[in-house]
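Colleague: Got a structure here, written out as structure tokens. Questions coming.
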Amino acid sequence: DAPRCIVTIGEIVVEIMAETQGTGFLEPIALKGPYPSGAPAIFIDQVARLGVECGIVSAVGRDDFGALNIERLKRDGVDISAILSVDSYATGSAFVRYRPDGSRDFVYNIRQSACSQTGLHEAARGLLKRATHVHVMGSSLFSFPIIDAVTTAVHQVKAQGGTVSFDPNIRKEMLDIPDMRAALQLMLQECDIFLPSGPELLLFSSGVTHEEAIAEILDMGVSEIVLKQGSEGATCFSADKTLHSAPFAVEEIDPTGAGDCFGATYVTCRLLGKEREESLRYACASGARAVSFFGPMEGTSDFASLDRFIASQTTGEKA
Ligand code: ATP
Ligand code: MG
């Protein structure tokens, strides 16, 4: 078997979660955390749980929030050599509260945190040399130096014969960042696997309908568009066929991280040589398991758990 190594670049943060539903953080409320988090971190932890070699280029502070993240990623098998620990910044954080309608409010400390120090330092360059695939989260493209580092990494991995996946992962709190929109468009042009969720599909093309957007994006050279549809499952579009995977029935405890686990599982399965249909099934199982755990990274799965979960769902038994 050819060696595979999946790399991502981007934010590692702790997540601190409101225990009650409501709008924002304008009065004292009960909070739970810190939990290891950050979309690229959740993604790469899920890859590691599936047993494929992987690493993350990132930066944390020399504080407990950084240590907690590094410990978790290391325990699960992620190569942590390209995570820089910096002295003069604290580890990034995200406070999150769910509104009654299921949408979320965030207070981020990412751009001004240790995350801002993410770059292609020596250890990062070493990791990228081994990479056969690079995954980009749109949420990571929050400053010009980071956009520059991600772009360089994407071009390098492609020049090495590798592939690229891209999840826009847009948060309303981030859209006003200068340069971000152009960078998102560039990632779409460079990627092989595009992983938008619901409304993100229409943000990236001149197409007005889903069909027009899909045709336009496939024409750009993207080979697979995998649309995440939350509790409705997911659909994979490619030039030759469209596949839909129905959702698994689970009780949604905490939706954060579902998209990241889904994407990581889809990409890993494809790189392991599995067909689209089986990859989509595994990815839906991974997303469904993720929402049934409280905490963004607490619901990552290995193949044995996914197989048990899929079998239990098909036969109607409890996982
Ligand atoms: P986020 O960025 O908030 O992590 P996302 O929008 O990127 O999420 P979702 O569509 O919410 O991603 O979830 C990814 C996949 O996980 C879905 O396509 C689906 O297969 C699975 N999933 C998510 N929520 C549920 C649910 N309530 N029940 C069953 N499966 C779910
Ligand atoms: Mg997402």
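The values are calculated or read from the model by the stated rules, or taken from the named source; none is laboratory data. Worth saying up front: this structure is predicted, and the values here are computed from it rather than measured. Quick reminder, even Gly has a Cβ in these numbers, built from the backbone with ideal geometry, and neighbours come from all protein chains shown.
Colleague: Within the range 197-232, track down each residue that is within 14 Å of ligand 1 (Cβ to nearest atom) and within 24 Å of PHE144 (Cβ to Cβ).
Modeller: Listed by number, the residues that qualify are GLU200, LEU203.
Colleague: Let me ask something additional. Here is a list of conditions, (1) in contact with a Ser or Thr (Cβ under 9 Å, 6 or more places away or on another chain); (2) free of Cβ contacts under 8 Å to residues at least 12 places away in the same chain; (3) of a type outside the set (Ser, Thr, Tyr), and ARG125 meets all of them except one; can you say which number that is?
Modeller: Only one criterion is unmet by ARG125, namely (1).
Colleague: For residues that are buried (at least 19 other Cβ atoms within 10 Å of the Cβ) and not in a helix (DSSP H, G or I), scanning just the range 251-277, find the one that is farthest from ligand 2 (Cβ to nearest atom).
Modeller: ASP254
Colleague: Quick one: which of ILE29, ILE56, ILE16 is in a strand (DSSP E or B) and over 14 Å from the mean Cα position of the chain (by Cα)?
Modeller: On the way: ILE29 fails: in a strand (DSSP E or B); ILE56 fails: over 14 Å from the mean Cα position of the chain (by Cα).
When all the criteria are applied, what remains is ILE16.
Colleague: Among the residues of the range 115-122, is there at least one that is buried (at least 21 other Cβ atoms within 10 Å of the Cβ), over 30 Å from THR23 (Cβ atoms) and more than 16 Å from ligand 2 (Cβ to nearest atom)?
Modeller: Yes, the range 115-122 has at least one match.
Colleague: Among SER58, SER85, SER81, which is the only one that is at pLDDT 95 or above, hydroxyl-bearing (Ser, Thr, Tyr) and under 27 Å from ALA283 (Cα atoms)? If you could, list the steps in order and put the result at the bottom.
Modeller: On the way: SER85 fails: under 27 Å from ALA283 (Cα atoms); SER81 fails: under 27 Å from ALA283 (Cα atoms).
That would be SER58, the only listed residue that is at pLDDT 95 or above, hydroxyl-bearing (Ser, Thr, Tyr) and under 27 Å from ALA283 (Cα atoms).
Colleague: Right, another one. Could you list all residues from the range 264-298 that are within 12 Å of PHE309 (Cβ to Cβ), in contact with a strand residue (DSSP E or B) (Cβ under 7 Å, 6 or more places away or on another chain) and either more than 8 Å from ligand 1 (Cβ to nearest atom) or among the basic types (Lys, Arg) (or both)?
Modeller: Answer for the range 264-298, where residues must be within 12 Å of PHE309 (Cβ to Cβ), in contact with a strand residue (DSSP E or B) (Cβ under 7 Å, 6 or more places away or on another chain) and either more than 8 Å from ligand 1 (Cβ to nearest atom) or among the basic types (Lys, Arg) (or both): just ARG281.
Colleague: Just to be sure before I move on: is LEU218 surrounded by fewer than 20 Cβ atoms within 10 Å (Cβ to Cβ) and out of contact with any Cys (no Cβ under 9 Å at 6 or more places or on another chain) in the structure I sent?
Modeller: Numbers: surrounded by fewer than 20 Cβ atoms within 10 Å (Cβ to Cβ): yes; out of contact with any Cys (no Cβ under 9 Å at 6 or more places or on another chain): yes.
So LEU218 fits the description; yes.
Colleague: Pick from the range 162-221 the residues that are within 16 Å of ligand 2 (Cβ to nearest atom), of a type in the set (D, E, K, R) and not in a loop (DSSP other than H, G, I, E, B): which of them is modelled with the highest pLDDT?
Modeller: Among those residues, the one meeting the criterion is ASP167.
Colleague: Of all residues in the range 158-186 being under 14 Å from the mean Cα position of the chain (by Cα) and over 18 Å from ARG270 (Cα atoms), which is surrounded by the most Cβ atoms within 10 Å (Cβ to Cβ)?
Modeller: ASN169
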